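Structure first, then comments.
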Amino acid sequence: MLNTLSTIVRSLQCGETLVMRHSTCADYIVTNLFGGYVRVMFSNGNGYTYQARKRDILKLMTDNTVSLGFWVNSCLNLDEPVNHYMTKSIAYVG
């Protein structure tokens, strides 16, 4: 309970929270609990913004045992991203 409460307080102060765990699916996820969206940077370099249920976002933020790939596949509608926001740049060697 205290962990969940401190997570909510931190989200109120910052707005967005970075979630990083070892994953082959995603490098990191930036969550916005009160906005109800997440920004996912996939391992292939593509980043997308998705709408997500607030209870799913809270579970991701508080439960360190949930893998990023499992959470992305079970909680997001990957066919309907809100925004494609960045890609990793590829260095040109000429």
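Overview of results
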{"read-out": "Scan of segment 45-66 for residues that are in contact with a Ser or Thr (Cβ under 9 Å, 6 or more places away or on another chain), outside any loop (DSSP other than H, G, I, E, B) and farther than 17 Å from ARG21 by Cβ, ordered by number", "value": "ASN46"}
{"read-out": "Hits in segment 60-75 (condition: closer than 19 Å to GLY15 by Cβ and surrounded by fewer than 20 Cβ atoms within 10 Å (Cβ to Cβ))", "value": "THR62"}
{"read-out": "Contacts under 7 angstrom Cβ, first residue in segment 61-81 being at negative phi, partner polar (S, T, N, Q) and surrounded by 15 or more Cβ atoms within 10 Å (Cβ to Cβ), 6 or more apart", "value": "MET61/THR7; MET61/THR17; MET61/THR31; THR62/THR7; SER67/SER23; LEU68/SER23; GLY69/SER23; PRO81/THR49"}
{"read-out": "Per-region count, segment 1-50, residues at pLDDT below 85 and of a type in the set (D, E, K, R)", "value": "1"}
{"read-out": "Residues that are farther than 15 Å from THR17 by Cα and assigned to a strand (DSSP E or B), drawn from segment 34-44", "value": "PHE42"}
{"read-out": "Matching residues in segment 67-94 - criterion: being aliphatic (A, V, I, L, M), under 17 Å from LEU18 (Cα atoms) and modelled with pLDDT under 90", "value": "MET86"}
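The values are calculated or read from the model by the stated rules, or taken from the named source; none is laboratory data. Just so we're clear, the structure is a prediction, and the values are computed from it rather than from any experiment. Neighbour counts are summed over all protein chains in view; Cβ atoms, including those assigned to glycine, are modelled from backbone coordinates with ideal geometry.
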